[in-house]
Amino acid sequence: MSEHAPEIESILRTISVKLATEATASPTRSYCTLHDTRDCHDELQDIRRSIHQYPELAFNEVRTAELVASRLEAWGFQVTRGVGGTGVVGTLRAGTSRRSVGIRADMDALPIHERTDLPYASAHDGKMHACGHDGHTAVLLGAARQLARTKRFDGTVHLIFQPAEEIGAGGGAERMLADGLFDRFPCDAIFGLHNHPGVEAGTFMFRAGPFMAACDTVGITIRGKGGHAARPHQSIDPILVAGSLVMALQSVVARNVDPNETAVVTIGTLHAGHAPNVIPDSARMEISVRSFSPEVRASMEARIRQLATSHAEGYGATVEVDYVRGYPVLVNSEAETEFARQVAEELVGPERAVGNFHRIAGSEDFAYFLQQRPGCFVRMGNGANQPLLHNAGYDFNDENLTVGAAYWTRLVERYLDAA
Ligand code: NI
């Protein structure tokens, strides 16, 4: 419980975040190095491959959560299960400081049938760790182990193991926050990572400001009037409206978005009709919309609604537009991003701690945490020639396990510096 009024609490937090992120590594103190976590490699690899072999989908991460919780308990963490569904939070305190930091890993798998010949390939048909969340979880457990055995920090660290990152709206981050995550486990700042195929393993890529896209989904149903293919004048053809709308939607990014901004409109499905001699009653399309600023996002929604409505009207049809907002733009805060980049640079050298990496059109529900706390989400190379994320041949690169664990450990030691 806090003994301060909320405003004072907030001022103290701001000061403590400022102090933590502006501090440079003390020359007299020792922080975690790549060497320090190396002896954990085999143990972390076993954990990672075990999670990989038994993948669990969103909010069903029962075995994974129990594996995480039992390890954390064995290493002396205070463990809270069932946070936002199957989420787990491990808390470790050292020293007397009131400062705190949160680190998050995601735990869920995807509904993909694995096509690898790995000895630890998925034992669950149609489910697979094709996004490396098995690796993110094992990396954070590696940090837990290292932090617990060295305790070279002053304050509180909350390790947040999140369910259901992959499902879009209503995912694990929202559920954990709705379950009072930051009230129950106060964090001055929050950090997270995701692996990144196509870049050498052990490389960290940072970007302050908007880093990953907001992702919205739009369902458009056009209702015309069905009839005989030979008598089009007695029908209202929804396929004609759909075809015209497909072309018009290409103008949203080309003509309505500032050239200095970027956005994507992809029409992923288009369905209508069953027979060549029948004009159908309706046509339906589904669209994926990506953007990097709230203004662009709002203007694209308005423009898509307007085009759909005016096209339907113009041809005498009606339309229903179901615009579902998914994950918001992921925005890294300036000070925490520079701090995290410095930590990575100290650990792996400047060539492997890349600042100002390009923006990524994928989306991440870590964005919700960053709406409530300052922090940084980093991408970590998974190997130059590795299969892409969400590919049936994908596998997390185990070279990253002890590197990632050292990164998290050093970040906590530097953020909660005992000096
Ligand atoms: Ni992922």
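General observations
- Here Val324 meets the list (1) of a type outside the set (Asp, Glu); (2) outside any strand (DSSP E or B); (3) farther than 16 Å from Pro238 by Cβ almost entirely, failing just condition (2).
- Some residue of region 34-46 being in a loop (DSSP other than H, G, I, E, B) and either surrounded by 15 or more Cβ atoms within 10 Å (Cβ to Cβ) or not charged (D, E, K, R) (or both): no
- In region 318-336, the residues that are out of contact with any His (no Cβ under 8 Å at 6 or more places or on another chain) and closer than 21 Å to Val246 by Cα: Thr318, Glu320, Val321, Asp322, Tyr323, Val324, Arg325
- The numbered conditions (1) closer than 30 Å to Gly349 by Cβ; (2) away from the ligand (no atom under 16 Å from the Cβ); (3) under 24 Å from the mean Cα position of the chain (by Cα) are all true for Ala148 except (3).
- Output for region 225-254, where each listed residue is of a type in the set (Gly, Ala, Ser) and surrounded by fewer than 18 Cβ atoms within 10 Å (Cβ to Cβ): Gly226, Gly227, Ala229, Ala230, Gly243, Ser244, Ala248, Ser251, Ala254
- Checking each residue in region 109-140 for being away from the ligand (no atom under 16 Å from the Cβ) and among the hydrophobic types (A, V, I, L, M, F, W, C) picks out Leu118, Ala121, Ala123.
Matching residues to (1) modelled with pLDDT under 95; (2) within 16 Å of the ligand (Cβ to nearest atom); (3) in contact with a helix residue (DSSP H, G or I) (Cβ under 7 Å, 6 or more places away or on another chain):
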{"residue": "Gly142", "(1), (2), (3)": "no, no, yes"}
{"residue": "Thr156", "(1), (2), (3)": "no, no, no"}
{"residue": "Leu159", "(1), (2), (3)": "no, no, yes"}
{"residue": "Ala164", "(1), (2), (3)": "no, yes, yes"}
{"residue": "Arg175", "(1), (2), (3)": "no, no, no"}
{"residue": "Asn195", "(1), (2), (3)": "no, yes, yes"}
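- Among the conditions (1) at pLDDT below 95; (2) touching a His at 6+ places or on another chain (Cβ under 6 Å), Ser30 misses just one, which is (2).
- Positions within region 384-419 being more than 16 Å from the ligand (Cβ to nearest atom) and within 23 Å of Met212 (Cβ to Cβ), in sequence order: Ala384, Val403, Tyr407, Trp408, Leu411, Tyr415
- For the residues Ala213, Ala189, the requirement of being within 16 Å of the ligand (Cβ to nearest atom) and crowded, with 20+ Cβ neighbours inside 10 Å singles out Ala213.
- Residue tally, condition without any contact (Cβ under 8 Å) to a residue 40 or more places away in the chain, closer than 16 Å to Leu240 by Cβ and small (Gly, Ala, Ser), over region 301-313: 1
- Any hit, region 103-124, residues being among the β-branched types (Val, Ile, Thr), in the same structural domain as Asn195 (by TED's automatic domain parsing) and assigned to a strand (DSSP E or B): yes
The values are calculated or read from the model by the stated rules, or taken from the named source; none is laboratory data. Values in this document were obtained by computation on a predicted structure and should not be read as measured data. Quick reminder, even Gly has a Cβ in these numbers, built from the backbone with ideal geometry, and neighbours come from all protein chains shown.
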